[in-house]
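Engineer: Take this structure, written in structure tokens, and hold onto it; I'll ask about it next.
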Amino acid sequence: MSGAVDERVNLAGIELRNPVLTASGTFGYGSEFSPFMDLGAIGGFVAKSLTLQPRAGNPPPRIAETPSGMLNAISIENIGVEAFLSESLSALPENVVVIASCFGTEPDNYAELAAKLSESPRIAGIEINASCPHVKSGGIEFGQDPRLLGELISRVRAVTAKPLLAKLSPNVTRIDEMARVCEGAGADGISLINAVQAMEVDVETQQPVLSNILGGLSGPAIRPIALRMVWQVAQAVNIPVCGIGGIITPEDAIKFLLCGATAIQVGTANYLNPAAGREIAEGIAAYATRKGFPRVADLIGALRLPEA
């Protein structure tokens, strides 16, 4: 906690010292950032999405800058669940809250992965990546089909008692409906949004800038979209929401809290400033102090709407 302000929040049964997490795929397995920041200064982090076996991902080029954002098509490159459990977790201080992210191509993959992760007491919760926008099979198909999404969440729910977060795709028509499907299937919370499916072209070569052609757009360019979707989902479900999308400053994070997010995840900003998460947490506490809120949790859903 910072000063007199109580920074603690409870996200879907996960106790966080403050509402700042780092987003999956932008913070590695945690230890990579320890030279730049005390990992205990933030609420926790969501580890890079894991698969049952190690995965190589797409060939380069797979990252490109865009106006006010970043385009990526890494495609879930990771070390695999066994190496994560045996090597990555042991490298982290005991006080660090770790949320694992699962990815698969069918519900049974996700369920087997979640069951393995649930055996570790170091895992505080599991986030289901049902929305990766640049993988040719799995991920986005679940996130865009309510029936498949419901089956996926139900399947994982059956194998784990850990707090379960469903990470949703913004590439849908009705985000509130997708969130309600997850709530009905047993999710304890909703994370949103994942990157927006997008592409960019090099006019000199007349080729896509990414080898995968399509990628996921993240960064400040998507923040208003993310904020809108967080607001809609917070109105639609009774489980907590974790806001993601273009959060660079404390003010960005506060907007998500006001719109109903219980916690937030910092993503692309980690590439610009490895200590962004800590600075954002400090800024949220300073804002709560300045505005006279005794608890950061009092900011959640405190948006003041225009009078009719």
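Engineer: Relative to the Cα centre, what is the charge dipole magnitude of the chain, using +1 at the beta carbon of each Lys and Arg, -1 at the beta carbon of each Asp and Glu, and rounding to the nearest 20 debye? Intermediate values should be presented prior to the final figure.
Structural biologist: Values: 23 positive and 31 negative charges, 99 e Å.
Around 480 debye, computed over the chain.
Engineer: For Cα pairs less than 8 Å apart in space and 6+ apart in sequence, what is the mean separation divided by the residue count of the chain, i.e. the relative contact order in percent? Show your work: numbers first, answer last.
Structural biologist: On the way: 744 pairs, mean separation 63.6, N = 308.
For the chain, the relative contact order is 21 percent.
Engineer: By its C-alpha gyration tensor, with a ≥ b ≥ c as the square roots of the eigenvalues, how is the range 195-308 shaped: rounded for a/c under 1.5, else prolate for a/b larger than b/c, else oblate? Kindly include the intermediate steps, with their values, before the conclusion.
Structural biologist: Numbers: a/c = 2.87, a/b = 1.79, b/c = 1.61.
In terms of gyration-tensor shape, prolate.
Engineer: From Cα pairs below 8 angstrom and at least 6 apart in sequence, can you work out the relative contact order of the range 9-136, rounded to a whole percent?
Structural biologist: Values: 209 pairs, mean separation 32.0, N = 128.
Once divided by the residue count of the range 9-136, the mean separation gives 25 percent.
Engineer: Let me ask something else about it. Can you list the residues of the range 206-233 with backbone N under 19 Å from a point 7 Å past the Cα of T66, pointing along Cα to Cβ?
Structural biologist: Those under the cut-off are 206-230.
Engineer: Just checking my list (i) 15.0; (ii) 15.9; (iii) 14.1 against mean projected area of the Cα convex hull in nm² computed from this structure; which label fits?
Structural biologist: Among (i) 15.0; (ii) 15.9; (iii) 14.1, the one calculated here is (ii).
Engineer: So what is the calculated 222 nm ellipticity per residue for the chain, using -39500 (n - 2.57) for each DSSP H run with n of 4 or more, over all residues, to the nearest 500 deg cm²/dmol? If you can, show how the numbers build up before the last one.
Structural biologist: Working: 8 runs with 83 residues, N = 308.
Dividing the helical sum by the residues of the chain leaves -8000 deg cm²/dmol.
Engineer: So which of K162/K291; K167/K291; K48/K162; K167/K255 end up more than 25 Å apart, counting from Cα to Cα?
Structural biologist: Details: K162/K291 35 Å; K167/K291 31 Å; K48/K162 18 Å; K167/K255 19 Å.
Long pairs (Cα-Cα over 25 Å): K162/K291; K167/K291.
Engineer: Can you tell me what share of the DSSP beta bridges in the range 1-128 is antiparallel? A percent to the nearest 5 is fine. It would help to have the intermediate numbers written out before the result.
Structural biologist: Details: 9 of 19 bridges.
So the antiparallel bridges amount to about 45 percent of the total.
Engineer: Charges at C-beta only: +1 for Lys and Arg, -1 for Asp and Glu. How large is the resulting dipole of the range 44-119 about its Cα centre, in Debye rounded to 20?
Structural biologist: Values: 4 positive and 9 negative charges, 49 e Å.
Approximately 240 debye in magnitude.
Engineer: Find how many whole Å separate the alpha carbon centroid of the range 36-102 from the alpha carbon centroid of the range 224-302.
Structural biologist: Between the Cα centre of the range 224-302 and that of the range 36-102, the gap is 21 Å.
Engineer: Can you check what the net charge comes to around E7, using other residues whose Cβ is under 13 Å from the Cβ of E7 (Lys, Arg +1; Asp, Glu -1)? Let's see the in-between values first.
Structural biologist: Numbers: positive: R8, R17, R278, R295; negative: D6, E15, E282, D298.
Summing Lys/Arg as +1 and Asp/Glu as -1 gives 0.
Engineer: While we're looking at this one, here's another question. I'd like to know which of F84, S154, S34 lies farthest towards the positive end of the charge dipole of the chain, counting +1 on Cβ of Lys and Arg and -1 on Cβ of Asp and Glu.
Structural biologist: Positive-most Cα among the choices belongs to S154.
Engineer: Among rounded, prolate and oblate, which fits the range 129-262 when a ≥ b ≥ c are the square roots of the eigenvalues of its C-alpha gyration tensor, a/c under 1.5 means rounded, and a/b larger than b/c means prolate? Don't skip to the answer; put the middle values down first.
Structural biologist: Details: a/c = 2.42, a/b = 1.33, b/c = 1.82.
Here the range 129-262 falls in the oblate category.
Engineer: Can you put C182, C242 in order, fewest other beta carbons within 10 Å first?
Structural biologist: Working: C182 30, C242 26.
Arranged by neighbour count, lowest to highest, C182, C242 become C242, C182.
Engineer: How do the peptides 33-44, 51-62, 297-308 rank, highest first, by the average count of neighbouring beta carbon atoms within 10 Å per residue? Walk me through the numbers on the way to the answer.
Structural biologist: Working: 33-44: 18.2, 51-62: 14.8, 297-308: 11.8.
Descending mean neighbour count gives 33-44, 51-62, 297-308.
Engineer: Sticking with this one: Under the rule a/c < 1.5 gives rounded, and otherwise a/b versus b/c splits prolate from oblate, where does the range 14-53 land using the Cα gyration tensor?
Structural biologist: The shape class here is oblate.
Engineer: Can you give the alpha-carbon Rg of the range 1-116 over 2.2 N^0.38 Å, where N counts its residues?
Structural biologist: Details: Rg = 15.9 Å, N = 116, 2.2 N^0.38 = 13.4 Å.
Taking N as the residue count of the range 1-116, the ratio is 1.18.
Engineer: Same structure again: Tell me the label-point distance for the pair R290, D176, using the 7 Å Cα-to-Cβ offset, in nm and rounded to one decimal.
Structural biologist: Computed distance between label sites R290 and D176 equals 3.2 nm.
Engineer: Loop only by DSSP, 13 or fewer other Cβ within 10 Å of the Cβ. Give me the trypsin sites (Lys or Arg not before Pro) in the range 161-257 that pass, ordered by residue number.
Structural biologist: Working: sites: K167, R174, R180, R228, K255; in loops: R174.
Here the sparse-neighbourhood loop sites are R174.
Engineer: Report for the range 124-264 the percent antiparallel among DSSP-assigned beta bridges with both residues inside it, nearest 5.
Structural biologist: Working: 5 of 17 bridges.
Antiparallel bridges make up about 30 percent of those DSSP assigns within the range 124-264.
Engineer: Under a point-charge model restricted to the Cβ atoms of Lys and Arg (+1) and Asp and Glu (-1), what is the dipole moment magnitude of the range 150-308 relative to its Cα centre, in debye to the nearest 20?
Structural biologist: Value, rounded to 20: 500 debye.
Engineer: Rounded to the nearest 5, what % of the DSSP beta bridges within the chain are antiparallel ones? Mind showing how you got there, number by number?
Structural biologist: Working: 17 of 44 bridges.
For the chain, the DSSP antiparallel bridge percentage is about 40.
Engineer: In addition: Using the Kyte-Doolittle scale, find the helices of the chain whose mean hydropathy is at least -1.0 and whose Cα atoms extend 18 Å or more along the helix's long axis, counting only whole DSSP H runs. Don't jump to the answer; show the numbers that get you there.
Structural biologist: On the way: long enough: 223-236 (20 Å, 0.39); 276-291 (22 Å, -0.29).
Span-like helices here: 223-236, 276-291.
Engineer: Can you tell me the FRET efficiency between L148 and A83 if r is taken as the Cβ-Cβ distance and R0 is 35 Å, rounded to the nearest 0.05? Walk me through the numbers on the way to the answer.
Structural biologist: Numbers: r = 29 Å, r/R0 = 0.82.
Step by step, r from the Cβ atoms, then E = 0.75.
Every number here is computed from the coordinates shown, using simple stated rules; none is lab data. Here the structure is a predicted model, which is why all the values come from computation and not from measurement. For neighbour counting, all protein chains shown are included, and Cβ atoms are generated from backbone atoms with ideal geometry for every residue, glycine included.
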